[in-house]
Amino acid sequence: MRINRTLSVSVLSGKGGVGKSNIALNLGYCMFRGGFPLLLMDCDLGLANLDVLLGIAPEYNMQNLLDSDMNPREIAIHIENGGFDFLPAASGVPELVEMDSDLRAMLFRKLAPLFADYDYLFMDIGAGINPTVLAFGAMTHVRLVIVTPEPTSLTDSYALMKVLSTQHGVKDFYVIVNQVEDKREEEITFKRLAAACDKFLGFTPTLLGGIRSDKMVTESVRRQKPLLKMAPTSPAAQDLFALAVKLQRLRVSMRDQIASGPFLIEG
């Protein structure tokens with residue numbers, strides 16, 4: 001029996017507009033540049049936008065995989081040679097947004113041979129708390145919750161963690177605080193969220209780190225290029241690199257858990 005080496009990571013947020021997809025892209029690119037083959041999977045099945053951030057127009061997507069006998073390697077797009085690949089989602093397809101357990105099982109059964117090629121699987125999941133978001137988030141080894149200092153981001157992220165906890169029994173979350181001015185704002189923002197979780201949910205999330213506000217992030221989106229590729233010495237890029245180092249340490253510490261399969265709940 002082949003031992004699994006793929007760490008599955010879901011990138012989540014309670015609300016849109018917090019930079020979730022951009023973080024998934026750039027943190028993924030950083031892991032790849034560190035020597036770890038990575039598959040970036042667009043799991044925002046209703047409003048896919050990673051293809052826009054990458055400046056590509058995919059010929060095929062996950063809907064084609066479900067509707068035909070295509071090999072998943074025919075759908076995956078090579079962004080960089082050596083192991084940075086992208087699996088595009090469909091956009092505006094209602095049956096994928098409300099994906100039931102049977103359809104999810106079929107999708108991941110078809111994708112399983114592809115996942116085995118990578119050290120990391122990053123799943124960029126849609127914002128909010130719809131059933132597909134919750135099911136995908138509960139499956140992965142690691143959940144990264146992206147928040148900003150805005151009160152609405154904190155309340156919506158709290159709601160996301162609450163529903164995942166009460167409905168799926170998930171109580172381990174890693175928080176990334178995006179768009180902060182400095183370390184102090186990062187810590188204050190996280191402490192507000194952590195205090196609410198501790199008081200009302202009975203668990204405390206873990207702070208993975210923060211990402212500073214950086215005009216080069218906006219520029220990289222405009223140019224449709226990863227920040228780590230366009231401006232690797234910018235403040236936000238440095239913060240993303242620090243997050244990547246922490247994530248790899250986490251992967252090493254979870255080696256035994258990862259070995260049992262690419263997801264906590266198979267199928």
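The values are calculated or read from the model by the stated rules, or taken from the named source; none is laboratory data. Predicted model, so just to flag it, every value in this text is computed and none were measured. Here Cβ is always computed from backbone atoms with ideal geometry, including for glycine, and neighbour counts include all displayed protein chains. Keep in mind that these areas ignore ligands, DNA and RNA; they rest on the heavy atoms of the full protein, side chains included. Shrake-Rupley method; radii C 1.70, N 1.55, O 1.52, S 1.80 Å.
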* **Hits in region 141-162 (condition: surrounded by 19 or more Cβ atoms within 10 Å (Cβ to Cβ) and of a type in the set (V, I, T))** => V142, V145, I146, V147, T148
* To do: Name the helices (runs of 4 or more DSSP H) wholly inside region 195-267 in which the number of residues that are buried (at least 16 other Cβ atoms within 10 Å of the Cβ) and touching a helix residue (DSSP H, G or I) at 6+ places or on another chain (Cβ under 6 Å) is 2 or more.
  => 215-223, 227-230, 235-253
* **Which numbered condition L50 fails, given (1) in contact with an Asp or Glu (Cβ under 6 Å, 6 or more places away or on another chain); (2) surrounded by fewer than 21 Cβ atoms within 10 Å (Cβ to Cβ)** => (2)
* Asked: Which of (1) in contact with a Ser or Thr (Cβ under 8 Å, 6 or more places away or on another chain); (2) part of a helix (DSSP H, G or I) does A105 not meet, given it meets every other one?
  -> (1)
* Asked: Which residue pairs have Cβ atoms under 6 Å apart, sit 6 or more places apart or on different chains, and have a first residue in region 98-112 that is under 20 Å from A127 (Cα atoms) and a second that is open to solvent by less than 40 Å² (accessible area, probe 1.4 Å)?
  -> M99/T132
* Enumeration of residues in region 78-91 that are open to solvent by 10 Å² or more (accessible area, probe 1.4 Å) and touching a helix residue (DSSP H, G or I) at 6+ places or on another chain (Cβ under 8 Å) -> I79, E80, G82, G83, A89
* **Scan of region 51-77 for residues that are in contact with a helix residue (DSSP H, G or I) (Cβ under 8 Å, 6 or more places away or on another chain) and part of a helix (DSSP H, G or I), ordered by number** => L53, L54, M62, Q63, N64, L65, L66, P72, R73, I75
* To do: Name the residue, out of N4, N61, N81, N22, that is modelled with pLDDT of 90 or more and within 22 Å of A127 (Cα to Cα).
  => N22
